[in-house]
1. Could you tell me the relative contact order of region 8-63? Use alpha-carbon pairs under 8 Å, at least six residues apart, and round to a whole percent.
2. Take the Cα coordinates of region 253-365, assign each an equal point scatterer, and use the Debye formula without solvent to give log10 I(q)/I(0) at q = 0.15, 0.23 Å⁻¹.
3. Between K329 and I277, what FRET efficiency follows from the Cβ-Cβ distance if R0 is 30 Å, with the result rounded to 0.05?
4. Find how much the distance from E305 to I352 grows on full extension, using 0.36 nm per residue of separation minus their present alpha carbon separation; answer in nm with one decimal.
5. Please list, by residue number, everything in region 258-285 whose backbone N is under 20 Å from a paramagnetic label point 7 Å out along Cα→Cβ of R36.
6. Taking R0 as 41 Å, what's the FRET efficiency between L322 and C51 from their Cβ-Cβ distance, rounded to 0.05?
7. Need one number: nm distance between label points at K6 and H188, each 7 Å from Cα along Cα→Cβ, rounded to one decimal.
8. Quick one: helix 229-247 against the long Cα principal axis of the chain, what's the angle to the nearest 10°, folded into 0 to 90?
Amino acid sequence: MLEFEKFFRDPLYGFIGLTHKEVELLSTPVVQRLRRIKQLGNTHLVYPSACHSRFEHTLGVLHIANRMAEKLSLSDGEIEIVRCAALLHDIGHGPLSHNFETVLKNVNKKEISHEDITLRIIKEDSEIDKILAGLKDDVLSLFDEKNDTANSKIISGNIDADRLDYLRRDSYHTGVAYGIFDLERILHTIQKIVDGERSEIAILKKGQDAIESYRLARFLMHTQVYYHHVRAISDNMLNRAVEIAINDGTLRDDLLKFDSSDFLENYLSLDDNRLFIKILSNKESNAFKLINDLENRNLLKRGYEIDLRKLNPMKIRKIMRLKPEDFKKLEGKLAQKCSCDKDFIIVHLQKIENTLYKSSYEFFKSGETPILILDNDGLHEIEKESHIFGSQEPLLKLYIFCPEENKSQIREFAEDILL
């Protein structure tokens, strides 16, 4: 049985207990840094109360992971490992959460996920190494994509503690109802299915309606919150500001090279406010104006917007083949037409995929497992049991963001230049 040393009060779950080892992990600088990283980046510019942090989400994931582990009848030792992994699962996030992964991709010319950085921190941070001691390799194994066990899927899977917490928590803090689903029913009806050395998380047939609600909640939170056009504008303003700051030397891009020996030291020195302070240190830069405008919610506007599904196939194909350098050229042409600084013209292609409604074939093809339903006849993919079907086609929108005074010009020239 776990012996809790401290309790934290959470608005969703009441009191969350922590063991001595977990209190030590929570007290490390890499975990405390999560207090200074907003869970939803710039979403507070749309929903003012969305100022919750990665830190409180981490505590929520710990709580849900523990309940899942107990329901799946994991041993006390396995539960201890799952709880440690839950506490550390987000330590690799950069300023303003997922938004910073775009910055890392641009600097490193390859995808660098927060999961990659989380693994590196656990491997290299001496304080975490000391606290985890003999559990370190077991904790790392739960982040391994090749770990095909229910224990690992509690941390990262189709029905994992991360998603189960953030949907409800984000819904609570934004004040919307889209992320509400029957959590208790899901936790009551999950099962562990063992097949040799592999194991999966499935849900009993009587819990299928709760899972349907969960799938729909995730989709609606993406369309109404995570991909809200104001968030898209603010995220793009931040990315453009960082890009400019690197180009003019306000930020040193070598500090963000993942392969460098001092990457973690530099990366972990950044949080939401510290990144802004660095960029705001150069008042002569356009990066300063963009960040200053972000802070004062003086945002770029939608000069042009189109749903790509309404275009003919040839035009869709043309747009989908555009590369980042092509977007830059388009921005330059539009800026020239509008007599505007190109730094303040942003062409953005938004893609919203309904990932939990992918076909079973798509899951299997990518080495994943779809949501499984267990009834008296055995295991079935939810696709074969559900009466709700989602489109396999992503929502695709093309935006052009610009200053207020250039909206009419952008609207006039956009289609001639783009299409």
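1. Relative CO of region 8-63 lands at 32 percent.
2. -1.04, -1.24
3. FRET efficiency, K329 to I277: 0.35.
4. Answer, rounded to one decimal: 15.4 nm.
5. Answer for this model: 262-282.
6. Values: r = 35 Å, r/R0 = 0.86.
The calculated FRET efficiency here is 0.70.
7. For the pair K6/H188, the computed spacing is 3.4 nm.
8. 70 degrees
Each reported figure results from applying straightforward, stated rules to the coordinates on display, with no laboratory input. Just so we're clear, the structure is a prediction, and the values are computed from it rather than from any experiment. Every residue, glycine as well, gets a Cβ built from its backbone with ideal geometry; the counts of neighbours run over all protein chains shown.
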